Each structure stands twice: as structure tokens, then as C-alpha cells.
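Structure, as C-alpha cells:
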Amino acid sequence: MDATLAMDRIGSRRPHTRAALDFARERHHGQRRESDGAPFVTHPLEVAEMLEACGYRDEVVAAGVLHDVLEDTDARPDEIERRFGRDVAGLVASLTDDPSIEDPAERKAALRLQVAQAGEEAGAIFAADKVSKARELRLQASRGSLPPGGGLRLEHYEESLEMLRELIPEHSLLRDLQLELEAIRTL
């Protein structure tokens, strides 16, 4: 589906999500996905579509759209709270890596713990993010091998799946993530 059409379809019924989509498109402008060169905003849009399909409320879908803005743009936590409210800002913060942790594996472990402590809605956003990212990794792996750092990402996704099985055990996104990881392993 065309990204603009998907943005219009999702945002037409969800005011927080519409505003988040506009903000994400602006802040991620010029960024590209590593896997296929598509505009980076395609990733948060995929996350939003998954969350919408699962029936999440507007604020959760909006947080899904914004989950990378603190890590990948110049957006600040106070700006997210001012524009989207405390609920959305709290979810986005719970999904954001701690840049003060230098070791990548330790940073990802801390992120998984942070998401687990934040609760089910954060877990659903995290799961949708990992499904989208695993799809990208599968695309890259289908070209012959995992990209640099792909092994660490795959390990993080597998450990994320284990954490999510405890947090949201019956969630449909976990099945999707498991299938993506199995597909990557068979490549």
C-alpha cells in the first residue's frame, strides 16, 4: 500500500495518530531504511498499521508511530509530551534506548527490561516494531547473508520474543514475530 494512502487511512479516524504521522514524517524526512532504501517513515507506519489492526486505542497507535523519534531525530521528550500528551510520551520513552549504555547487548537488554516494566501496551508496540524490523532483516538475509550487526539484531529479536511471551503471551503479533524469525533462520 502507498505510504501516503496508508497514512491518510489510519489518520482519518485517529487524531493523535494523524498528528504523530505528520510529526514523524517531518522528523524522519530524508532518512532511509537500510534494508531497501525506502523512506524511514515506512517503518513507523508499518508499526501503526499492525497496532491499528489489533484494535489499539489512538494513543497507543500514535506512540507506535513515534517510537523511534527520540533515538533517531532531534525530538525531545518534553516536546513529545507537550504535543501528544503524557500517555503517548510515556510509551515512547519506554521504547527508547538509553544512549548512556555503551555496550550494544547491554543497551538492548536494558531496553527489553524497560519495556517489560512499562506494561502490555508498550509490549504490543515493541512487538510490532520487532515484527517490522525482522521483516527488514529477512529481506536483507534473503540477498545472501545477514548484514553487519545482523547477528546481534537477530539475537535481540529472539530475546525480545521470549520477554514478550511473558508480557503478552497470547498476542497475535508474537506469532508473526516467531514466523519472521523462523524464516530468517532458514535462509
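Rule-based calculations on the coordinates, nothing more; no lab input. These numbers come from a predicted model, not from an experiment. Please note: Cβ atoms are built from the backbone with ideal geometry, for glycine as well, and neighbour counts cover all protein chains shown.
Between helix 15-27 and the chain, what is the angle of the helix's C-alpha long axis to the longest principal axis, kept within 0 to 90° and rounded to the nearest 10? Once rounded, the angle reads 70 degrees. Estimated at 0.36 nm per residue, the fully extended path between Leu152 and Glu120 surpasses their Cα-Cα distance by 9.0 nm. Determine the sum of side-chain charges near Gly85: Lys and Arg each +1, Asp and Glu each -1, restricted to other residues whose C-beta is under 13 angstrom from that of Gly85. Its environment carries a net charge of -2. Mind pulling the angle between the C-alpha long axis of helix 150-167 and the longest principal axis of the chain? Nearest 10 degrees, somewhere in 0 to 90. Relative to the chain, helix 150-167 is tipped by roughly 70 degrees. For the chain, the longest principal axis of the alpha carbon atoms and the long axis of helix 120-141 meet at an angle near 50°. Treating r as the C-beta distance of Ala53 and Arg32 and R0 as 25 Å, the FRET efficiency rounds to 0.50.
If you build the Cα gyration tensor of the chain and take the root of 5 times each eigenvalue, what three semi-axes come out, in whole angstrom, biggest first?
That gives 24, 19, 17 Å for the three semi-axes.
Glu106 label point, 7 Å along Cα→Cβ, cut-off 19 Å on backbone N: hits in the stretch 134-157? So the set is 152-153, 156. The peptide list 140-150, 110-120, put in order of mean Cβ contacts within 10 Å with the highest first, becomes 110-120, 140-150. Between Asp72 and Ser172, full extension at 0.36 nm per residue minus the direct alpha carbon distance yields a gain of 33.2 nm.
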